[in-house]
Amino acid sequence: MAMTARQRAKVSLYVQAGIFVVAVAALVLATDWKTIGTSVFNFAKIGPMFPDIFFSGLKNTLIYTALGFIVGLSGGLLLALMKLSSFPLYRWIATGYIEFFRGIPALLVFIAFGYGVPLAFGVQWNVTIVVMISLGMVAAAYIAETLRAGLQAVPKGQLEAARSLGMPQWRAMVSIVIPQAFRIVLPPLTNEVILLTKDSSLIYVLGLTASQYELTKFGRDGISSLGAGLTPLLVAGAFYLVITIPLSLLARKFESRSARTKR
Amino acid sequence: MNDVVHSSGTAGTRGSAVHAAGVSLKDLRKSYGSNEVLKGISLDVAPGEVVCLIGPSGSGKSTLLRCVNLLEQPNEGTIHVGGFEATDPDVDIDKMRRKVGMVFQQFNLFPHLNARQNCTIAQTKVLKRGQAEADKVAQANLDRVGLGHLADRFPDQLSGGQQQRVAIARALSMDPELMLFDEPTSALDPETVGDVLSVMRNLAKEGMTMLVVTHEMGFAREVADRVVFMDGGVVVEEGVAEQVISAPTQSRTKEFLKRVLDPTHIDISK
């Protein structure tokens, strides 16, 4: 019995729905809900995490991310301009830096600046400084590439039009090129902040005092101090989503705006 | 239209009001690597004169035009624009460019600014005019190109022809004494070409000095005082517009015009 294309599509839909229902049912039946309720996600254990999670975990994650972003943005801008420089040595240095820091795990950078450099040079760095340097230096490598691409994406004719109106080079950059480049890099830059937010958790390799805990460390600490199974970590995870999902939506909004118009 | 005084140094005789600047190019040479694009060009444009540069693509006419305001740096030769020697290493190039309006093939409007702001940004940042005065000048020039009612539109809300007219208004807002046009209608839809050409025609009538790279032979014949035909980096022929276009003397000019004026005439043996 031959089926029309529409009938075949309908059958396919039913089959897919059927597989889904069976899979969910199997999962529900196979799950040990009692254990999950006590040691994986225990509602009763959420309460004690508040309000501390706001004042240490969330607050420190936001501070570490912001510090890393500030260092990363300034370092990234410097590296991007070096990479576009007419002086070859600057280009080589910038390229070397970018390839190096994009090529190694951020965790190694945290260990290097948390333990290695202070030991080698006999300096004492507090946690904030280490986060700022480690997160910032890794971010600078990624942000540099984003900014370079943005500056190069502004058509050459824009600079020519500005110069032909009598604007000096710096004025043409400030009033015409950089505002357009900024609009171009806004979506990827927002994604950069999302990555930074998550990478700020790498600070766990250093010894932290309670007031320095960011979300992940706060959650891990909760596991032992509250004896609540995975609950604190899951709550911490939810807090990351509270930060990253709005950022992600923001990036998408910037993206669709710049796709619609170059304004 | 042909009652123009050609002797250089005299001000344009058509229209009034515009302070016109002449151009004088001497033995201009420009190479990209081993490729010599301009092979010793000399050309004078008198104040108030309209000169059209025609020729096949790759003949160096756009490069020549871009040398006049130093968007391209010539390797040899001298360029005089108004009272400036552009090729003098000590010249204040930004000051000179204020006197020279440029209109590009691709318009190059600033996409993050609306039509009015496109016309005011250089007025306020370069000429240091106050915002109110700059807005007034911008509005007057947008009116002049017939787009005063679209001053709040952004470039992406305008047609190609409208964008090019805003680009002309932007250049005019700096009160230039010379206007350079680099194939201003080549990127336009055919139905919007006429609007841009009529703006340029009016500008010529008002006495603006204009150097125009174009493929619009009708425009060149009607509006230009002189036509210069370039090929292979040299000036092959120049003279009164009507004569060069209707009765060229050089064989290369004849061949080019035959192809441009009758595009369906395809010679496969070439």
*Sort out for me the helices (runs of 4 or more DSSP H) sitting completely within region B:131-208 that have 3 or more residues that are β-branched (Val, Ile, Thr).*
B:190-205
*Residues that are aliphatic (A, V, I, L, M), away from chain B (no Cβ under 12 Å) and out of contact with any Phe, Trp or Tyr (no Cβ under 6 Å at 6 or more places or on another chain), drawn from region A:174-192*: A:Val185, A:Leu189
*Within region A:3-13, track down each residue that is part of a helix (DSSP H, G or I) and loosely packed, with under 10 Cβ neighbours inside 10 Å.*
A:Ala5, A:Arg6
*For region A:64-84, indicate whether the set of residues that are polar (S, T, N, Q) and surrounded by 14 or more Cβ atoms within 10 Å (Cβ to Cβ) is non-empty.*
yes
_Every residue from region B:71-119 that is among the basic types (Lys, Arg) and either at the interface with chain A (Cβ under 9 Å from one of its Cβ atoms) or within 21 Å of B:Ser42 (Cα to Cα) (or both)_ = B:Lys95, B:Arg97, B:Arg98, B:Lys99
*Please specify each residue of region A:132-170 satisfying the condition of being of a type in the set (Asp, Glu) and either buried (at least 23 other Cβ atoms within 10 Å of the Cβ) or within 12 Å of chain B (Cβ to nearest Cβ) (or both).*
A:Glu160
*Considering region A:221-257 alone, what residues qualify as being surrounded by 14 or more Cβ atoms within 10 Å (Cβ to Cβ) and either free of Cβ contacts under 8 Å to residues at least 12 places away in the same chain or within 25 Å of A:Gln124 (Cβ to Cβ) (or both)?*
A:Asp221, A:Ile223, A:Arg257
*Residue under evaluation B:Lys128, criteria (1) away from chain A (no Cβ under 11 Å); (2) farther than 25 Å from B:Ala204 by Cα; (3) buried (at least 20 other Cβ atoms within 10 Å of the Cβ), criterion not met*: (3)
_Residue check, B:Val244 within 30 Å of B:Arg29 (Cβ to Cβ), in contact with a strand residue (DSSP E or B) (Cβ under 9 Å, 6 or more places away or on another chain) and surrounded by 24 or more Cβ atoms within 10 Å (Cβ to Cβ)_ = yes
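FYI, it's all coordinate maths here, none of it is from the lab. A quick note: this is a predicted structure, and the numbers were derived from the prediction, not measured. Using ideal geometry, Cβ is built from the backbone for each residue, glycine included, and neighbour counts are taken over all protein chains shown.
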